[in-house]
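Presented below is the structure to which this report refers.
The values are calculated or read from the model by the stated rules, or taken from the named source; none is laboratory data. Computed from a predicted model, the values in this text were never measured in an experiment. In this analysis, Cβ positions are derived from the backbone assuming ideal geometry, glycine residues included, and neighbour counts consider all displayed protein chains.
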Amino acid sequence: MKTYAIRSQTKYVEPSRVRRGVPAGTLCRIVAMLSAGTLQMGMSAHAGTTEPSSQMDEVDVTSDKQTALDAEAISLSDTPDAEPSTTGKTTYVIGLAARAAPVYEGSKTTKVSPFPYVDIHGLWNDRLFVSDVRGVGINLANLGPFRAGAAINYGGGRTSSDATRLRGLPDISAALSASGFMTYSFKPFAFEAEVERQFGSQPATEASLRGSYAVTLTPRWHLSAGAQVVWHDRKYNEKYFGITPSESARATAQGHTLTPYSPGSGVGRVGVTATSVYALTEHWGIVSRLGLRDVVGSADKDSPLTEREGGVDFAAGVLYKF
């Protein structure tokens, strides 16, 4: 309004008057016009200083939207304990899938079996988790992106009737195990180091390093990919890849020759996995998972039980999120 008032009072000055000098009234009006122009420039410059704040607001909005996508998606990851709860509340996911995988590491025989899935996170202020894959665990250290904790699980058995190469060997009973882990995440990446000790009549130890990448493409579609390397101690390799003289004699008596073998410790397996979860509704989702793994290291590869180094692990099914 002030600028308009100044301009409305400004009159056209003839060239002849300029040559004779500028009247005092006109000079005052010119000074006023220049002052008004300077004020406008100052206001423009001041407005420009607000742009970083606006940009920060846009970044915050983008971050909030991504957090909302992560919270809405039904997701699975190779390192689920690395990611804090995005919703701040307990999440319950159950599922059932059909899984096709080698009957044991290094076998060329594939077995299709039902694969139930249970995953509960966010219990006890996001410190306790329950999973049929990782067991029951607790995050003892919860320092934002860094976590450390322990878990107990049950499994690891093998039935000799599942493969011809195992004939004459005793079944391996499932056993209780305890593990300790450390995880670190900076979205969309997560890393984990874990050591697991199996108990029972044949105790054994394995250690693993894992890394994963997760992305939420849409509110309904979540993808993750991971890689891992696993080390086995001597007891583990003797349990799953070793053959004692008595076992060799028993297998030979059944018409299946297996030479005695006593492996040492070493890196036993490397692998990569990819998981896709698509939410059909707010609660129901479809999951598919493809894993490629390879038996490495002479301790496992040289075993008479190792028929094929590479193996494919595939599962597909449905999930329900409470």
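Miscellaneous remarks
- Where helices (runs of 4 or more DSSP H) fall entirely within segment 216-315, those with at least 3 residues that are in contact with a strand residue (DSSP E or B) (Cβ under 8 Å, 6 or more places away or on another chain) are at 234-240, 298-301.
- Matching option when the condition is within 30 Å of residue 282 (Cβ to Cβ), in contact with an Asp or Glu (Cβ under 7 Å, 6 or more places away or on another chain), of a type in the set (A, V, I, L, M) and in contact (Cβ under 8 Å) with a residue 12 or more places away in the chain, among 214, 190, 151: 190
Results for (1) touching a Phe, Trp or Tyr at 6+ places or on another chain (Cβ under 7 Å); (2) modelled with pLDDT under 95; (3) surrounded by 16 or more Cβ atoms within 10 Å (Cβ to Cβ), shown as yes or no for each residue.
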position: 221; (1), (2), (3): yes, yes, yes
position: 229; (1), (2), (3): no, no, no
position: 247; (1), (2), (3): no, yes, yes
position: 252; (1), (2), (3): no, yes, no
position: 281; (1), (2), (3): no, yes, no
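- Strands (runs of 3 or more DSSP E) wholly inside segment 129-187 that include at least 1 residues being of a type in the set (Phe, Trp, Tyr): 146-155, 175-186
- Among the residues of segment 269-309, the ones that are more than 24 Å from the chain's Cα centre (by Cα) and either of a type in the set (A, V, I, L, M, F, W, C) or under 22 Å from residue 225 (Cβ atoms) (or both) come to 4 in all.
- Number of the condition not met by residue 200 [criteria: (1) closer than 29 Å to residue 260 by Cβ; (2) crowded, with 18+ Cβ neighbours inside 10 Å]: (2)
- Apart from one condition, residue 177 fits all of (1) touching a Pro at 6+ places or on another chain (Cβ under 9 Å); (2) crowded, with 19+ Cβ neighbours inside 10 Å; (3) hydroxyl-bearing (Ser, Thr, Tyr); the exception is (1).
- Any chance residue 205 is in a strand (DSSP E or B), of a type in the set (S, T, N, Q) and in contact with a helix residue (DSSP H, G or I) (Cβ under 7 Å, 6 or more places away or on another chain): yes
- Among the residues listed as 183, 205, the single one being within 30 Å of residue 247 (Cα to Cα) and in the same structural domain as residue 273 (by TED's automatic domain parsing): 205
- Residues satisfying the stated conditions in segment 102-114, i.e. in a strand (DSSP E or B) and out of contact with any Gly (no Cβ under 7 Å at 6 or more places or on another chain): 110, 111, 112, 113, 114
- Flag: residue 306 matches the condition of being closer than 26 Å to residue 167 by Cα, touching a residue at least 12 places away in the same chain (Cβ under 8 Å) and not acidic (Asp, Glu).
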